[in-house]
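Since the structure comes first, as structure tokens, the remarks are kept for the end.
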Amino acid sequence: MPAKACQDATEDSGLLKLLSALFYAGSSFLITVVNKTVLTSFRFPSYMCLGIGQMFATLVVLYAAKKSKAVQFQDFDKSILLKIFPLPLLYVGNHVTGLASTKKLSLPMFTVLRKFTILMTMILEVYILRKSFSKQLVYSVAAIVLGAMVAASSDLAFDMEGYIFILLNDAFTATSNVYTKKKVGTEGLGKYGVLFYNALFIIVPTILASAFTGDLNEAVRFEDWVKATFIFCFLMSCFMGFVLMYSIVLCSYYNSALTTTVVGAIKNIAVAYVGIFVGGDYLFSWTNFIGLSICMTGGLVYSYLTFNNKSSGSNTEGAPELKIHIIQDSIKKYSLK
């Protein structure tokens, strides 16, 4: 009986991992398309104000849910800032650079250059979470990066500012994923506390920065506020901003930071090829398309290796951690001699 209960618990855990991953993939795909519509199709001038709207939606939804006792998380006190740091800084950096790069780059190029997040996440997990990876996974990541470089080398709509924003977004995303995995288990915060206090700590500084740079003024003077279609897309982007952040925290809670990044890569496969036909800002070239395909193939191989290892039971993330513990124990023994 205990063995059967253990098997059922394992199956339930596997299902939660899969569902949280699919939820993140779907949310990430939808918000990319909606943000692209708002910033490119409608030419909304302020990606920073769009981010503020997404933060505000997060605060409203979670505050209402807490008051109605639908969710629970710690009330504000002096310990909150120390518990959650540096996530608020990473959160705002990820928001601003992500929206800026979405506006500057075509969907396929945005997708390709986002692949560098996987490499950055692997490096950060090695140094911060003390994990190790098999050669097959390293080679698949190398293929992803190679494909991204090939595709980017022939980008006919090259935009230096856009490339800087997307690489910064990669760094912020990778660091945020790793630290989210660490912070989501912090006593008193949990999934909802991480989301709420992230938005709470950064929304006012972001509004001030937007006002100082003139970004807020441009948003207020935007002509399409009278159009119902734009208002719908803007509100949808704000709500999807909350949904995306929740899905990231949920996926990181049930999986690893690396798995969250891999799921993002799977989603990008759909985004890249849809962007070739939707959006109107993709300039076709064979070199770019081949590089894009190499990158996507590497992403599929990487995803297969990752989820195949997870499904094999014992060959999970516990193995690298065991290896590290053995190394650390041996170091301690030598230091005692």
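Go through ILE52, ILE231 and list them by solvent-accessible area, largest first, probe radius 1.4 Å.
Heavy-atom accessible area, descending, gives ILE231, ILE52.
Work out, step by step, the length gained on full extension between TYR63 and LEU82: first 0.36 nm times the residue separation, then minus their alpha carbon distance; give nm to one decimal.
On the way: separation 19, 0.36 × 19 = 6.84 nm, distance 2.11 nm.
Stretched fully, the TYR63-LEU82 segment lengthens by 4.7 nm.
Can you send over the carbon and sulfur percentage of the accessible area for segment 145-266, probe radius 1.4 Å, protein chains only?
Here carbon and sulfur together make up 70 percent of the probe-accessible area.
May I ask you to give the solvent-accessible area per residue for segment 110-234, in square angstrom, as obtained with a 1.4 angstrom probe? Before the final figure, lay out the partial values.
Numbers: 6150 Å² over 125 residues.
Accessible area per residue: 49 Å².
Please sort 194-205, 90-101 by packing, taking for each peptide the average over its residues of neighbouring beta carbons within 10 angstrom, highest first.
90-101, 194-205
Evaluate the relative contact order of segment 18-176 (contact order divided by residue number), counting alpha-carbon pairs under 8 angstrom at least 6 apart; express in whole percent.
Averaging sequence separation for qualifying contacts and normalising by length gives 32 percent for segment 18-176.
Take peptides 21-29, 77-85, 59-67 and line them up by average Cβ neighbours within 10 Å, highest first, as a rough protection proxy. Display every interim value, and only then the final one.
Numbers: 21-29: 20.6, 77-85: 13.2, 59-67: 15.3.
The densest-packed peptide leads the list: 21-29, 59-67, 77-85.
The values are calculated or read from the model by the stated rules, or taken from the named source; none is laboratory data. What you are looking at is a predicted structure, and each value in this text was computed from that prediction instead of being measured. Methodologically, a virtual Cβ is constructed for each residue, glycine included, from the backbone with ideal geometry; neighbour enumeration extends over all protein chains shown. We work out accessible area using only protein heavy atoms, side chains counted, and drop any ligands, DNA or RNA first. Shrake-Rupley method; radii C 1.70, N 1.55, O 1.52, S 1.80 Å.
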